[in-house]
Structure formats: C-alpha cells, structure tokens
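This report refers to the structure that appears directly beneath it.
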Amino acid sequence: MTPVLIDCDPGIDDTLALLYLAALDHLGEIDLCGVTTTAGNTTATQAAGNARWVRDQLRIDAPVLPGQPVPLAVPLVTTPETHGPTGLGYLEVPAAPEDGTWPDLWVEAIEKHEDLHLIVTGPCTNLASFRQSHPEHHARLRNVTVMGGAVGYRGNTTPTAEWNFWVDPHAAADAFGHTPAPVTLCSLEVTEQFLIDPPRLEGLIADLGPAPIAGHLPEILRFYFEFHQAQGEGYQAQIHDLLTCMIALERVGYEHRGVRVDVDTRGERRGTSEETAGTSNTRLVTSADIDGAHAELTRAARALR
Ligand code: BDR
Ligand code: CA
C-alpha cells in the first residue's frame, strides 16, 4: 500500500483529487496518511475546513490540518472568482479550527514511511517552510509530485505564470532549488487537458451512486464550469489536481523528461517557470493518457458507492 500525504488548497479540482485518493484508500491501494492545506485558492484554514468536509463525506479517517497561513514573502491573494467564495463553488462549509501542528504530521509520516509520496496541489509554501524548519526530514522526501507552473507555455494567471507558482513564487523557487530528489512536475500544459463537462459529471455522479458527495457535486462544479466559460474555455472545467494525483501514483500512462526547472520570483515574470541549463531537478511530465485518466476516475468512483 503506497503511503500518501497530500498538501492541497481545496479548491474544486483539489476536491476531486481528494475524492480520488479517498477511493484508492477504500480500495486498499494507498494509505492516505494525512491532508495538509496551503493558502491559495482560499485561506489555509478554509481549505482545511473544505478538506474535512470532503473527508467526512467520503468516510475516511485521514487527519486534516491547516498549513502556513501566508506565502513566504508576498501578501496572500486568493481566488474566489475561480473556486467560489470559500473554495467549494456554490457550496459553503465552515473553516477548520487551528487544532494541530501540520509539520508534526509530515514528520510522523516521513518517519513511519520511507516510501512516502508527497503530492502538492496548491502553492509550495508548506514544502518550502518544511525545508527551512525540518531540513533533515525534508531531505528524506524522495517522492514529491507538484502541480504547478507552465514550462515554456502560456500561464493562466499572467501571460507566463501559472496560479500555484504565482501565489507563492519564492516557495516554488525553493522547491525546485533545493529538492533532495527530482520533483515530478505536472504543469499546466498537461493538466489543463483533463476536462470534465456536464455529461462527464453526470457519469461521475452515476458511478458514485448513493455516495453522499454525489448530490453535492453539481453545486460545486457548476461554479467551475461558469468560471471556465467566462474565460472563453467553454462550459467545462480543467481538473489539474486530480490528473496530478493519478500521475504521482502511476495510475495513468504518461511521458516525462529530466530537465532543470527554475522559477522567477520578481516583477512581471513572478511565478514564471522555465527550463534552464544545469543539473536536472525535475521529471517534467510532457503528456498523459487522458482517456486512461477518465477510465481511472470511473474505476475509483465506483469504489465509493
Ligand atoms: C492550479 O490552480 C488552482 O486554482 C487549481 O486548484 C490548480 O491547483 C491550476 O493552475
Ligand atoms: Ca489546487
């Protein structure tokens, strides 16, 4: 059973990522050791409240703790226009109280599992903070997958920057500047290809059957469909973080190449990721089997019935 820690900012696509991981946990394919949250789509405490709501809907017992409240060196900006006023589209649930210390959860998971998989689907704030506060434990993280960046590709926040890297550019730069092992990077040019539209959502709801979360998905996803439509992307939604989890856990076919990635922190190029010369620090995912990803979501959703 693969041990997994997810660091996320639900967020609508993060919510579907959590749903997927919960299904794999129910299937006995992974051990979801914990969920920590970053500030990005919403605040870290609201994201933790959202993640706890998702966890309780899906009947799993992973601890959920809010992470760092603000980026390393820039003011926090959230995006209610993308993910709804509190991050779950038209659904609103309470924020989580501060009732635990997230780095302790990471330390415990790292000490317990040599083969821990860390999946980061929000800004890299916690990952970079952890390197500074717990360098020895950070050095033991050998399997890290990050959703973020747009490498040699247009951004979705500025012309060259993707949202997660733009929110905390110093953390993204730190994550790639000091990685103990190459980070698997699922960047925008690949993740934006994984789309859910209303017929796909109906199929997902049918696959989930009586699972309680099924009844809430329309009010959550409708906001994301409307956002993408307003952006000229059609009445559908890009589900970046879910595809990232499938790639991290090798549940879909994908291609990658070893490259060096660096992230700019300042000025107009804030959050811009690019391939540079030098020692490889990244397994850059260059394509993924999108049909396979839809089939994998179907398989997982049926496990939650
Ligand atoms: C990323 O930004 C967030 O809004 C999504 O949750 C995803 O992690 C895509 O740019
Ligand atoms: Ca996210």
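The values are calculated or read from the model by the stated rules, or taken from the named source; none is laboratory data. Keep in mind the model is a prediction, meaning the values are calculated, not measured. Cβ: placed from backbone, ideal geometry, glycine included. Neighbour counts: every protein chain shown. Heads up: the accessible areas ignore ligands, DNA and RNA and are worked out on the full protein's heavy atoms, side chains in. Shrake-Rupley method; radii C 1.70, N 1.55, O 1.52, S 1.80 Å.
With a simple spin-label model that places each label point 7 Å from the Cα along the Cα-to-Cβ direction, the separation between GLU81 and MET1 comes to 4.4 nm.
Could you tell me whether region 122-255 comes out rounded, prolate or oblate from its Cα gyration tensor? Rule is a ≥ b ≥ c as square roots of the eigenvalues, rounded for a/c under 1.5, then prolate if a/b exceeds b/c, otherwise oblate.
Here region 122-255 falls in the prolate category.
Solvent-accessible area assigned to carbon and sulfur over region 2-303 amounts to 49 percent, based on a 1.4 Å probe. Across region 2-303, Cα pairs under 8 Å and at least six residues apart give a relative contact order of 20 percent. Would region 1-66 count as rounded, prolate or oblate if I go by the C-alpha gyration tensor, calling it rounded below 1.5 in a/c and otherwise prolate when a/b exceeds b/c, oblate otherwise? Because a/c hits 1.5 or more and a/b exceeds b/c, region 1-66 counts as prolate.
Quote the Stokes-Einstein diffusion coefficient, in whole µm² s⁻¹, for region 190-305, based on the Kirkwood radius over alpha carbon pairs, a temperature of 37 °C and a viscosity of 0.692 mPa s. D, rounded to a whole number, is 203 µm²/s. Between region 82-102 and region 14-74, how far is it from one alpha carbon centroid to the other, in angstrom? First find each Cα centre; the distance between them is then 10 Å.
Counting heavy atoms of the protein chains alone, THR86 has an accessible area of about 30 Å² for a 1.4 Å probe.
With contacts defined as alpha carbon pairs under 8 Å and 6 or more residues apart, what's the relative contact order of region 47-182 in percent? Show your work: numbers first, answer last.
Values: 165 pairs, mean separation 33.7, N = 136.
Relative contact order comes out at 25 percent.
To the nearest µm²/s, what D does Stokes-Einstein give for the chain at 37 °C and 0.692 mPa s, using the Kirkwood radius over alpha carbon pairs as Rh? Estimated via Stokes-Einstein, D reaches 175 µm²/s.
Can you work out the accessible area per residue across the chain, with the rest of the protein chains kept in place, probe 1.4 Å, in square angstrom? Could you put the intermediate results ahead of the total?
Working: 11430 Å² over 305 residues.
Here the residues of the chain average 37 Å² of exposed surface.
Under a model in which nothing but the beta-carbon of Lys, Arg (+1) and Asp, Glu (-1) is charged, the chain shows a dipole of about 160 debye around its Cα centre.
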